[in-house]
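Colleague: To start, I am sharing the structure in question, which I have written as C-alpha cells.
Quick note: the coordinates plus some simple rules give every number you see, no bench work behind them. Every value quoted in this text rests on a predicted model; they were computed, and no experiment measured them. Using ideal geometry, Cβ is built from the backbone for each residue, glycine included, and neighbour counts are taken over all protein chains shown.
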C-alpha cells in the first residue's frame, strides 16, 4: 500500500472543487442564476472552450493525487532475521516499519510511466529514431561522427531508415481511426439519449441535435470532441514507440513535461484568483460603504501598493520564501514537497499583491448601491452595517466578482510564465510553461534551431489561455447585460424605393 502525500496545492485544488460543486448546486436551485448560466451554455465558442478546459482540469487532477511507492522488503530467512543481500552483514528484524521511496509520484506519473522513464541522452527531433546531434563512435573499428540511435524512440524498428515512414503512417492511421470511432460513438450515445428523452425516433433526434433544436450547441461541441479525439488517438498510437514532441537537453520527453506543466498553470490561475477575492471584497465594500476616512485610508493603501512595480514586489517575496526554505531543509521530506510549498506561496503572493484593481471596481459599485432606496430603507429600519453589506451589497456584487475572477485566470497563467522566465517564479524542479520557455531561450540560438520545446510549451499555454478567455467572454456577457447589448446588431430600416419623380418618399 503506497503512502499518500497531501501537498498544500493538492488540498487547495480539492477545496476549490468542493466550493465549485456547492456553487453549481446553489446556481441550479436559483432561477436567476440558472437562467444566466443557460445563456452561457448557448454560446458555441464558450462550450467548445469548456470541453478543452475540462480536459486540462482532468490532467491537473490526475497530477494532484500524490503518493510515495512502497519499497520492496528484503527476504526474511529462518530465525526471524532478514537474509543478507549482496554480501551485507547487517540484518533487519522481523516486523520492521515499511520503507517508502523518497520520490513522490502522482497518478499522472503512474499512467504515463513509459514516457516518464524513457529518458534519452539529449535532444531528439519529434518522432525521431536518432539523436539530434552527432557524436564520435566506433564503427567497424573506425572512429566516425554520426547520429547515435535513440535508446527508446523507435527501438522496435530493426531498420529505421527503411521502416520508419511506413510504421509512422500505419500507426497514425490506426490512431486517427480509433479517435474518429470514439467521437462517433459519443455522438451516437447523444442521439440515443435525445431520442429517449424526447420520445422521438433516432432520425428525428439526430435532426434536432444537428439543427440546434436543443439548449446546447451540440454540433459545435461534437466537432470539438472529434478534433480532440483525433489528436488523443494519434498521440496514443505513437507515444509508446516514439517521442511525439521530441526530447529536451537532458533527454526528457517534451510532451510529458508539457502535460506536467498543466497542473502548475491551473494551480497558479485558480489559487491566486481565490486569494485575490477576500481582500478585494473586504476592502472594496468597506471603502464604498463607510466612505469618509475609511475610504481615504483604503484608497491610500491600494494606491501605494499599485505604485510599486509588481515584478519587484513579487520578486522580493519569492526571494524571502526561498531563503526560509533553504534555511529549513528538514521541514520537507522530498524535493517535490519543497517545490510545492514555493508554488503555493507564490500563488498566495500573486493574490495578495493583485487585489487592488478588483477592490477599486467593487468600491465604485458599492458607492452606487449605497444610495439606492432599499439600502436607505434598511438603514432607516435599524439594520446593522454588517447586515446591510451581507444581505444587500454583497449579493449585488457577485456578478462582478465572477466576471473578474474568470478573466484574471488567463492573466495569472501568463504572469507565472513571465516570472519563471526571469527566474523568480516556481521552483526550478517544478514543471511549468515558464521554465520550459526559459530553457528554450538558448535553444533558439542553436544552428539548427531546437524549436520543439518552445512550440510545445507555447501551444499548450495558448490552448489553456485562449479557452479560458473565450469562456470568460461568455460569462461576462451573461452576467453583465450591458456587455451583451453591444453584440446585438441594430436592425436597419428598409430603404424605400424612389417614386416616379426619382425622390424617395
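Colleague: Suppose each label sits 7 Å from its Cα in the direction of the beta carbon; what would the residue 297-residue 3 distance come out to in nanometres?
Modeller: For residue 297 paired with residue 3, the spin-label model returns 4.8 nm.
Colleague: Roughly how many Å is it from the Cα centre of region 1-78 to that of region 380-418, as a whole number?
Modeller: Rounded to whole Å, the Cα centres lie 23 Å apart.
Colleague: In addition: Between residue 316 and residue 330, what is the label-point separation in nm under the 7 Å Cα-to-beta-carbon projection?
Modeller: 3.2
Colleague: Can you give me the angle between helix 292-307 and the longest principal axis of the chain, using Cα atoms only, in degrees from 0 to 90, rounded to the nearest 10?
Modeller: Helix 292-307 and the main axis of the chain meet at about 40 degrees.
Colleague: With a 10 Å radius around each residue's Cβ, average the other Cβ atoms per peptide and rank 260-267, 364-371, 337-344, highest first.
Modeller: Answer by packing, highest mean first, reads 260-267, 337-344, 364-371.
Colleague: So for the pair residue 147, residue 27, with labels modelled 7 Å out along Cα→Cβ, what separation do we get in nm?
Modeller: About 5.0 nm, to one decimal.
Colleague: Run the numbers on region 254-484 and let me know its relative contact order in percent, using alpha-carbon pairs under 8 Å that are six or more apart.
Modeller: Relative contact order for region 254-484 comes out at 31 percent.
Colleague: So, one more: Is the C-alpha gyration tensor of region 254-484 telling us rounded, prolate or oblate? Criteria: a/c under 1.5 is rounded; beyond that, a/b larger than b/c is prolate, otherwise oblate.
Modeller: prolate
Colleague: Expressed as an acute angle from 0 to 90° and rounded to the nearest 10, what is the orientation of the C-alpha long axis of helix 8-29 relative to the principal long axis of the chain?
Modeller: With rounding to tens, the tilt is 40 degrees.
Colleague: Sort 119-126, 387-394, 136-143 for me by packing, meaning the mean count of neighbouring Cβ atoms within 10 Å per residue, highest on top.
Modeller: 119-126, 387-394, 136-143
Colleague: Also, I was wondering about something else. Once both axes come from the Cα atoms, what is the angle between helix 398-421 and the longest principal axis of the chain, in degrees from 0 to 90, rounded to 10?
Modeller: The helix 398-421 is inclined about 30 degrees to the chain.
Colleague: When you count, for each residue, the other Cβ atoms within 10 Å and take the mean per peptide, how do 318-331, 406-419 rank with the highest first?
Modeller: In decreasing order of mean packing, 318-331, 406-419 become 406-419, 318-331.
Colleague: Sequence gap at least 6, Cα distance under 8 Å: using those rules, report the relative contact order of the chain to the nearest whole percent.
Modeller: RCO, the chain: 19 percent.
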